[in-house]
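For reference, the structure is listed below as structure tokens.
The values are calculated or read from the model by the stated rules, or taken from the named source; none is laboratory data. It should be emphasised that the depicted structure is a prediction, and the values quoted were computed from it without experimental measurement. Every residue, glycine among them, receives a Cβ derived from its backbone with ideal geometry; neighbour counts consider all protein chains shown. Note: accessible area is taken over every heavy atom of the protein model, side chains too, but ligands, DNA and RNA are not part of it. Shrake-Rupley method; radii C 1.70, N 1.55, O 1.52, S 1.80 Å.
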There are 2 protein chains.
Amino acid sequence: MERGAVGRRSQRKQDDPDLGILAARLLFSVQKELFETLAEQGHPDLRPRHGAVLGYLDAEGTRATELSRLSGVHKQVIGNLIDELEELGYVERRPDPQDRRAKLIVPTDRGLEETVKSDAIMAAIEQRHAEALGERTYARFKRAFRNVTAQQLAHLTGEEQAGT
Amino acid sequence: MERGAVGRRSQRKQDDPDLGILAARLLFSVQKELFETLAEQGHPDLRPRHGAVLGYLDAEGTRATELSRLSGVHKQVIGNLIDELEELGYVERRPDPQDRRAKLIVPTDRGLEETVKSDAIMAAIEQRHAEALGERTYARFKRAFRNVTAQQLAHLTGEEQAGT
DNA sequence: TCCACTAGTCAAAGTTAGTGACTATCAAGA
DNA sequence: TCTTGATAGTCACTAACTTTGACTAGTGGA
């Protein structure tokens, strides 16, 4: 670590990448593995951005605005993604009996199958890491990751409110 | 955790987000904070994508292909980013004395100032998390994060080679 | 009842990433 | 020394993705 601190900046960043770099690399590589594996398992048309819908979809249906909130993606984008996924046969729009403005986005059988598979792929990825690191170390890492992420988001939200 | 396992899928994902979700949230929120802070500190035109160049740039200059390799971004995109950053006054292209095909991307004074600031902002973000989690816990988290990310990338690369 | 807010959609514009191809240059092997 | 496959960077274009503005129908609290 001290050796890295005295080298060129790019070397220092390779030896001790910051949070942003680590998060970017992890996200990119996890997404690549997930969508390549899904393609092998019969879902070749899905893209990472579809995850904003499929990643949070409940079997009983989920409102588009809820998907937008959960994923952090704009509602118009969610609408576009739902259009695509409808075309691809993963979801259907159904009226929401509790609010006549709203639609429930309901998975088709194909959509349900996909969610089961993607959850299984993610679980296998995490299990692989847990085995490599040790279950307990991995569990601690995940807990810290959740904490860091939650605090990062809270800090961002807190800042914006302070500026109001 | 067991309570979460029996709820709706979206609730389970909120209670125990997977690696992909955590990485996406952390990346997005760290980038938001970094670029908003940079804007406050006199660099309002920079975007997260510029980080593929500025995030790895050495004071003595760096080749475009090296930046592409370090950042994982296509060389043509790197070329476009360099064009933009040249226009914005952050970098210059200089011939590389060691290879007449190549160019060195060299930071201007403004570019150097930005790299110093962004490194400081990232360090402050990480210090804040270390204080919240405890220095030792944070250090362990970072080490695990580096390991998980390295192994994820190695697995992806290993897969591709196995398929060759 | 009224009105501010919300859900979802349409339309358009803006931003960013990926692919194909090319010329000059390099370096290793014959 | 010469040849050739590989590389660095750029040009040109296409594809993919995100953001902004606006609107109508519906909701719920005052």
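Odds and ends about this structure:
- Taking (1) more than 10 Å from DNA strand C (Cβ to nearest atom); (2) surrounded by fewer than 18 Cβ atoms within 10 Å (Cβ to Cβ); (3) assigned to a helix (DSSP H, G or I) in turn, A:Pro97 satisfies each apart from (3).
- The range A:102-118, residues that are among the hydrophobic types (A, V, I, L, M, F, W, C) and either more than 16 Å from DNA strand C (Cβ to nearest atom) or closer than 19 Å to A:Pro48 by Cβ (or both): A:Ile105, A:Leu112, A:Val116
- Residue among B:Lys103, B:Lys117 that is at negative phi, within 16 Å of DNA strand D (Cβ to nearest atom) and touching a helix residue (DSSP H, G or I) at 6+ places or on another chain (Cβ under 7 Å): B:Lys103
- Number of residues in the range A:70-94 that are more than 10 Å from DNA strand D (Cβ to nearest atom), in a helix (DSSP H, G or I) and of a type in the set (D, E, K, R): the value is 3.
- Selection status of B:Arg47, within 24 Å of A:Thr149 (Cα to Cα) and either touching a Cys at 6+ places or on another chain (Cβ under 7 Å) or within 11 Å of DNA strand D (Cβ to nearest atom) (or both): yes
- Given (1) more than 8 Å from every other protein chain (Cβ to nearest Cβ); (2) open to solvent by 60 Å² or more (accessible area, probe 1.4 Å), index of the condition A:Lys117 fails: (2)
- The residues on offer are B:Glu86, B:Glu33, B:Glu92, and the sole one that is touching a residue at least 40 places away in the same chain (Cβ under 8 Å) and either charged (D, E, K, R) or open to solvent by 80 Å² or more (accessible area, probe 1.4 Å) (or both) is B:Glu33.
Per-residue answers, yes or no, for (1) over 13 Å from B:Gly20 (Cα atoms); (2) within 9 Å of DNA strand C (Cβ to nearest atom); (3) at pLDDT 95 or above; (4) buried (at least 19 other Cβ atoms within 10 Å of the Cβ):
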{"residue": "A:Arg25", "(1), (2), (3), (4)": "no, no, no, yes"}
{"residue": "A:Thr65", "(1), (2), (3), (4)": "yes, yes, no, no"}
{"residue": "A:Gly72", "(1), (2), (3), (4)": "yes, no, no, no"}
{"residue": "A:Asn80", "(1), (2), (3), (4)": "yes, yes, no, no"}
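- Annotation: of all residues in the range B:10-69 being assigned to a helix (DSSP H, G or I) and hydroxyl-bearing (Ser, Thr, Tyr), the one that is nearest to A:His155 (Cα to Cα) is B:Ser29.
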